[in-house]
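Sharing a structure below in structure tokens format, with a few things to ask.
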Amino acid sequence: MKSAKQLESVLNNLDGQKYGAYKQLKGIYQFNRFKLAVDHIQVDPFAPPSKMRIIMDRETAGIPANLLDSKDKIIAVSDFLTRTFGESIQKQKNATEMNSKNIKILIDRPGQEILERTSVVIGEDELEVRFEIGLPAAGRKILGRVAAVIITGVLPEIAADALFYRNLDQKRLREQVALMLDQAHIRRELDQRNLVAFVANDAILPRHSGISDKPLKDAVPFSSPDDLKVEFSLPSGQTVTGMGIAEGITLIVGGGYHGKSTLLQALERGVYNHIPGDGREMVIVRSDASKIRAEDGRNIEKVNISTFINNLPAKKDTRAFSTENASGSTSQAANVMEALEADSRLLLIDEDTSATNFMIRDARMQKLIAPDKEPITPFSEKVKPLYDEKNVSTILIVGGSGDYFDVADQVLMMDEYRLKDVTDAAKEIADADVYRKADMSDNKFGDISQRIPLKAGFTKSGKDARLKPKARTVIMYGKEPIDLKGLEQLVDESQTNCISVMIDYFKNNILDDKMTLSQATDWIYDYIEQNGLDAISPYSGHPGNLALPRKQEFIGALNRYRDFRIK
């Protein structure tokens, strides 16, 4: 193994040479406190940056073992180190006397959520930091002396500042680990208490803006209605009080701009743990919750939507419904059934992003149009059997229809960002309604199909077609885009990167034309659980910036692949 001094000498000697000469840097170098692995060298100054890893003994880093003795703790510490490494890069840029534009050191940039990532991986004996460096050039000629200063001078300073426990903000680190454990505890407790969600008192739900996920300053803190208050004793020794949303059917009503959708958006993100100071740290939701919306134009492949849509003209079979251009109602029906196939037990729905004819058909319209003339059975008639038969709860934002009052277990009203329990009033209105709907006690939900994906569907885009993510909401598969805009709980570009890598592994190593989609998906998640995200990457060394998506988003991406084929 070569030394850092030898690397410095090589870089100085490369000064002024053609850019391609940087390729000879590949290898592992011993620095004073760590090893530097140079895994990939960019082909020119304008290509994606070079990939490198710092490999450090855990003993050298000095992070106490009691902060690393469970998976949740390791994820919290890895997230903290990723953020600290990014902050240290910026500090070095600000402090250096050289042109800061030449310091192009990059590491994955987490948002407000704490996700399992490949940016920092902590093993039994070592920790690795995976990052990228844009190797400096003047035109297409190597700036070797500048590169030497960056790699052998600036980089060790960043590593010492960001990875040595003695240099870290130890209080912040311990707070983040403790918070992660508290959040995991509440999520486990939800099931024990027959709850689907918890929102702590004083949580800050509004965000700074449509393009910033940081908390809004001077926002009205959340306060639970008295009759919905629950309390949790936390592993950290603290106690937290707030609103517990019980299993069943919950309506959130209120006038426009009073905070209904803001509450639902917080619940959507509550499937993830959040960093201290986010405001939604104690908004905790079942990890399998799925946001459901209409998605005009999406592809549907052999989904059983007969629960909601039947008796179509020309007797088209809706038990294995396919289309390349779904309407609002058929897309929302498919999104519900696909979420159930992906084992979601909580649906989150906002009427603002729903198809009206899928959500409701009032009593007057039912009297005018006979049931055998209307192919759509609205969600309002299926939401109760969905819970009674399948134990799947629904939280629903409504502001324009009272059709759900009859079936709701609780009705909550947002009034200027303050929540009130108005269940009794809503039930009185429903009981007094002269146009009340006919009895639906005999209504059944119907079957949830388990589909079997075919390997053949992944050869349509070309045998050697590559999966390439384009920002957070699109993956290119060859020339075919997979549009992920409808997956509103996909929160990070690195999750999209990971989905593309997972699909590649999934089609090459798992699909056998026998396993159901849910079984095959469980297989890849079990494999990742046992072997880590690195194990599915086609690259040795730095695997790319990957963050683990949920099962629901992975299956959602497959369902939006237009050449997806089902047996």
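Only Cα pairs under 8 Å and at least 6 apart count here; give the relative contact order of the chain as a rounded whole percent. Let's see the in-between values first.
Details: 1072 pairs, mean separation 74.2, N = 567.
Result for the chain is 13 percent.
Something else about it: Using a basic spin-label model with each label point 7 Å from the Cα along Cα→Cβ, how many nm lie between Asp125 and Asn531?
Taking the two extended label points, one gets 2.2 nm.
Still on this structure: Taking amide H atoms as placed 1.01 Å from N in the peptide plane, list the residues 5 or more away in sequence, or in a different chain, whose amide H sits under 5 Å from that of Lys470.
Correct list: Ile475, Met476.
Right, next: Can you find, among Leu263, Ser223, Leu251, the residue sitting farthest towards the positive end of the charge dipole of the range 201-267, where Lys and Arg contribute +1 and Asp and Glu -1 at Cβ?
Farthest along the dipole direction, towards plus: Leu263.
Rounded to whole Hz and in sequence order, give me ³J(HN,Hα) for the range 72-78 from the Karplus expression 6.51 cos²θ - 1.76 cosθ + 1.60, θ = phi - 60°, writing x for Gly and Pro.
4, 5, 4, 4, 5, 5, 4
In debye, nearest 20: dipole of the range 402-559 around its Cα centre with unit charges on the Cβ of K, R (+) and D, E (-)? Mind showing how you got there, number by number?
On the way: 20 positive and 27 negative charges, 238 e Å.
That gives a dipole near 1140 debye.
Lysines within cross-link reach of Lys390: Cα-Cα under 22 Å, excluding same-chain residues under 8 positions apart?
Lys291, Lys302, Lys382, Lys444, Lys551
Round to the nearest 0.05 the FRET efficiency obtained for His208 and Arg166 when R0 = 25 Å and r is the Cβ-Cβ distance. Write out the running numbers ahead of the final one.
Values: r = 34 Å, r/R0 = 1.37.
FRET efficiency, His208 to Arg166: 0.15.
How are the alpha carbon pair distances in the range 56-106 distributed across 5 Å bins from zero to the largest one, expressed in percent?
Reading upward from the zero bin: 4, 17, 19, 19, 13, 12, 9, 5, 1.
Rounded, prolate or oblate: which one fits the range 318-362, using the alpha carbon gyration tensor with axes a ≥ b ≥ c (rounded when a/c is under 1.5, else prolate when a/b beats b/c, else oblate)?
Numbers: a/c = 1.88, a/b = 1.06, b/c = 1.78.
Cα axes put the range 318-362 in the oblate bin.
Provide the FRET efficiency to the nearest 0.05 for the Arg319-Ala432 pair, computing r from the beta carbons and using R0 = 41 Å.
On the way: r = 39 Å, r/R0 = 0.96.
Efficiency, rounded to the nearest 0.05: 0.55.
Taking Rh as the Kirkwood radius computed over C-alpha pairs, what is the Stokes-Einstein D of the range 229-350 at 37 °C in a medium of viscosity 0.692 mPa s, expressed in µm² per second? Could you put the intermediate results ahead of the total?
Details: Rh = 17.0 Å.
For these conditions, the coefficient is 194 µm²/s.
Now, a different point. Treating only the Cβ of Lys, Arg, Asp and Glu as charged (+1, +1, -1, -1), what charge dipole size does the chain show about its Cα centre? Round to the nearest 20 debye. If you can, show how the numbers build up before the last one.
Working: 77 positive and 82 negative charges, 528 e Å.
Its charge dipole is roughly 2540 debye.
Using all Cα-Cα distances in the range 301-403, what percent lands in each 10 angstrom bin from 0 up to the longest?
Calculated P(r), rounded to whole percents: 14, 48, 34, 5.
Residue by residue through the range 26-35, which ³J(HN,Hα) values in whole Hz follow from phi under the Karplus form 6.51 cos²θ - 1.76 cosθ + 1.60 (θ = phi - 60°), with glycine and proline marked x?
For the range 26-35, the Karplus-derived couplings read 3, x, 10, 10, 8, 9, 4, 10, 7, 9 Hz, x marking Gly and Pro.
On to the next question. Calculate, for Asp424 and Lys229, the FRET efficiency according to 1/(1 + (r/R0)^6) with r their C-beta to C-beta distance and R0 22 Å; round to the nearest 0.05. Please list the in-between numbers first.
Working: r = 17 Å, r/R0 = 0.79.
E between Asp424 and Lys229, to the nearest 0.05, is 0.80.
In vacuum, with every alpha carbon of the range 48-186 counted as one equal point scatterer, what does the Debye formula give for log10 I(q)/I(0) at q = 0.16 Å⁻¹? Two decimals, please.
Calculated log10 I(q)/I(0) at the listed q: -0.83.
Please compute the length gained on full extension between Gln24 and Asn12, using 0.36 nm multiplied by the number of residues separating them and subtracting their Cα-Cα distance. If you can, show how the numbers build up before the last one.
On the way: separation 12, 0.36 × 12 = 4.32 nm, distance 1.30 nm.
Computed gain between Gln24 and Asn12 is 3.0 nm.
Step through the residues of the range 167-179 one at a time and calculate ³J(HN,Hα) from phi using the Karplus curve (6.51 cos²θ - 1.76 cosθ + 1.60, θ = phi - 60°), rounding each to whole Hz and writing x for Gly and Pro.
9, 7, 7, 5, 5, 4, 4, 5, 5, 5, 5, 4, 5
At 1.306 mPa s and 10 °C, plugging the Kirkwood radius over alpha-carbon pairs of the range 1-95 into Stokes-Einstein gives what diffusion coefficient in µm²/s? Each step should come with its number before you reach the end.
On the way: Rh = 15.8 Å.
In µm²/s, the coefficient is 100.
Got a sec? Charge dipole of the range 379-518, +1 on Cβ for Lys and Arg, -1 for Asp and Glu; which of Ile510, Gly446, Leu412 is way out at the positive end?
Ile510
By how many degrees, 0 to 90 and rounded to 10, does the Cα axis of helix 4-14 deviate from the longest principal axis of the chain?
Helix 4-14 sits at roughly 80 degrees to that axis.
Would you mind calculating the gained length between Ile369 and Ser70 on full extension (0.36 nm times residue separation, minus the Cα-Cα distance), in nm to one decimal?
Values: separation 299, 0.36 × 299 = 107.64 nm, distance 5.92 nm.
Full-extension gain reported as 101.7 nm.
When we measure straight from the Cα of Lys229, which lysines land under 24 angstrom away, once same-chain ones fewer than 8 places off are left out?
Candidates past the 8-residue exclusion: Lys260, Lys420, Lys427.
I've got another one for you. What are the residues whose amide H is under 5 Å from the amide H of Asn273, where those residues sit 5 or more places off or on another chain and H is modelled from the backbone?
Ile114
Filter the chymotrypsin sites (Phe, Trp or Tyr not before Pro) in the range 12-102 down to the DSSP loop ones having no more than 16 other Cβ atoms within 10 Å, then list what survives. Display every interim value, and only then the final one.
Working: sites: Tyr19, Tyr22, Tyr29, Phe31, Phe34, Phe46, Phe80, Phe85; in loops: Phe31, Phe34, Phe46.
Loop-located and lightly packed - Phe46.
Okay, next question. Over the residues of the chain, compute the C-alpha Rg and express it relative to 2.2 N^0.38 Å.
Ratio of Cα Rg to 2.2 N^0.38 Å: 1.08.
Could you tell me, in Å, what Rg and Dmax come out for the Cα atoms of the range 14-53?
Cα radius of gyration and Dmax of the range 14-53 are 11.2, 32 Å respectively.
Given the Cα-Cα distance of Ile566 and Met515 and 0.36 nm per residue of separation, how much length would full extension add, in nm?
Details: separation 51, 0.36 × 51 = 18.36 nm, distance 1.12 nm.
Result for the pair: 17.2 nm of gain on full extension.
With a ≥ b ≥ c taken as the square roots of the eigenvalues of the C-alpha gyration tensor of the range 424-567, please select rounded if a/c is under 1.5 and otherwise prolate if a/b is larger than b/c or oblate if it is not?
Numbers: a/c = 2.41, a/b = 2.03, b/c = 1.19.
Cα axes put the range 424-567 in the prolate bin.
Going by Cα centres, the range 341-363 and the range 119-171 are how many Å apart?
Their Cα centres are 48 Å away from one another.
Hey, can you grab everything whose amide H is under 5 Å from the amide H of Arg298? Only 5+ residues off in sequence or another chain; H modelled, so Pro and N-termini drop out.
Ala326
Coordinate-derived values only; no laboratory data. Remember, predicted model here, so these are calculated numbers, not experimental data. Please note: Cβ atoms are built from the backbone with ideal geometry, for glycine as well, and neighbour counts cover all protein chains shown.
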